[in-house]
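Peer 1: The structure follows.
What follows is calculated from the coordinates using simple rules that are stated; it is not laboratory data. Keep in mind that what you see is a predicted model, and the values were worked out from it rather than measured. Heads up, the Cβs are rebuilt from the backbone with ideal geometry, glycines too, and the neighbour counts pull from every protein chain shown.
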Amino acid sequence: MSADLPAQIRASLQSQGLPVPSLAWIQSALPNRNPLPPLPALVATVKTRLLAADLTNPTLFEAPGPAFPPNLGNPEIKETKLSRDVPVQVLDIDNLSKSKWEQVEEIEAIARGEQTRGREIIRLPTGNDGEEEDDGSVSATQTATGRDAALNASIASAAAASKGATHRLVLQDCRGQKAHAMELKRVDRIGVGSLNIGEKIMVKRGAVVARGVLLLEPTTCVVLGGKVEAWQKAWVEGRLARLKEAVGADVRG
C-alpha cells in the first residue's frame, strides 16, 4: 500500500465536507485485501464506515478533536456563535408539532395492523400475521417481516407529517458532550423517520447558540447521512414506551 494513500483518502473526505478522521483510523478502516481496490472505491468504503462510526471513538480524530466549546449548554449565556465546524451524531429526535399522546395513538393503531391515511384505513402486517408452513407452524421470518413493516410504517408516517414540523434533537460531539438543538428554520432532512439515530450532521461555524440551545437552520446545518445500527434499532423499538412514560400512561403491555 502506498504510504500516502490514507492522506489521499482524508483529502477526498475533506473535499466532500465530511469530518476529517485521523490517518491511523483511515488505515484501520481500509479493507483487508491485496491488491486494494481503486482509490474511488476506497474513499467510498471509508466514507461509509465513517458515517456508521461512533464519533466518541478516541482514535477517530487527531487530538484535539472537533468538539463543542465546554460552555455550550450554559443557559446564562444569552447568545453566542460556534467558532468552528463541529461534526455531531444524533442521539434523539422529537417532533414538537405533535403531542406525545397523538404519537402514542398513531403507533398503537399501527401495532393493531391499521393506519389511517386521510379517510382510508391501511392494514399493515403485524407480528401475528406470519404465514403457516406445510406443518402448520408460523414462519418466524414472515412474523419478523410483519413486525418490521409495522415499525417502518410508523416511522414513514411520522416522516410524512414532518414537513411543516419543528424538531428538537439531542446531539453529541466527539468528546461525548451532548447538546440540545432545535430547528430555527426548517431543515428538510431532519424528521422523525427520515433522520437516523447515530446519523452525522455537520454544524457549521456561525451557528447560533441561545440560552444553551443550538439553533439549526439550512445555512449552518448539513445532514451527512449514516447511522449507528444498534442505536437506531433500540430507539425505534423503545419509542412507544418512552412516549407513554412521557405522558404518564400505563406501560404494562
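Peer 1: Mind counting the residues in the stretch 196-217 that are in contact (Cβ under 8 Å) with a residue 40 or more places away in the chain, outside any strand (DSSP E or B) and surrounded by fewer than 19 Cβ atoms within 10 Å (Cβ to Cβ)?
Peer 2: 5
Peer 1: Can I ask one more? Quick check on the stretch 218-229. Is at least one of its residues acidic (Asp, Glu), within 11 Å of the chain's Cα centre (by Cα) and outside any loop (DSSP other than H, G, I, E, B)?
Peer 2: Filtering the stretch 218-229 down to residues acidic (Asp, Glu) leaves 229.
Add one more test, that the residue is within 11 Å of the chain's Cα centre (by Cα), and what stays is 229.
Still in the list and also outside any loop (DSSP other than H, G, I, E, B): 229.
Yes, some residue in the stretch 218-229 is acidic (Asp, Glu), within 11 Å of the chain's Cα centre (by Cα) and outside any loop (DSSP other than H, G, I, E, B).
Peer 1: How many residues does the stretch 22-56 contain that are over 18 Å from Pro6 (Cα atoms) and surrounded by fewer than 19 Cβ atoms within 10 Å (Cβ to Cβ)? Don't jump to the end; show me each part of the working.
Peer 2: Step one: of the stretch 22-56, the residues over 18 Å from Pro6 (Cα atoms) are 52, 54-56.
Now narrow it down to the ones that are surrounded by fewer than 19 Cβ atoms within 10 Å (Cβ to Cβ): 52, 54, 56.
Residues that pass the stated criteria total 3.
Peer 1: Further question on the same structure: If Pro6 satisfies every condition in (1) surrounded by fewer than 18 Cβ atoms within 10 Å (Cβ to Cβ); (2) over 25 Å from the mean Cα position of the chain (by Cα) but one, which is the exception?
Peer 2: (1)
Peer 1: Could you list, in sequence order, the residues of the stretch 56-75 that are aliphatic (A, V, I, L, M), touching a residue at least 12 places away in the same chain (Cβ under 8 Å) and more than 21 Å from Met182 (Cα to Cα)?
Peer 2: Restricting attention to the stretch 56-75, the residues satisfying the condition of being aliphatic (A, V, I, L, M) are 60, 63, 67, 72.
Within this subset, residues satisfying the condition of being touching a residue at least 12 places away in the same chain (Cβ under 8 Å) are 60, 67, 72.
Matches in the stretch 56-75: Leu60 only.
Peer 1: Does Leu39 qualify as being farther than 24 Å from Glu217 by Cα, more than 21 Å from the chain's Cα centre (by Cα) and hydrophobic (A, V, I, L, M, F, W, C)? Before you say what the answer is, go through the steps one by one.
Peer 2: Working: farther than 24 Å from Glu217 by Cα: yes; more than 21 Å from the chain's Cα centre (by Cα): yes; hydrophobic (A, V, I, L, M, F, W, C): yes.
Here the answer is yes, as Leu39 does meet what is asked.
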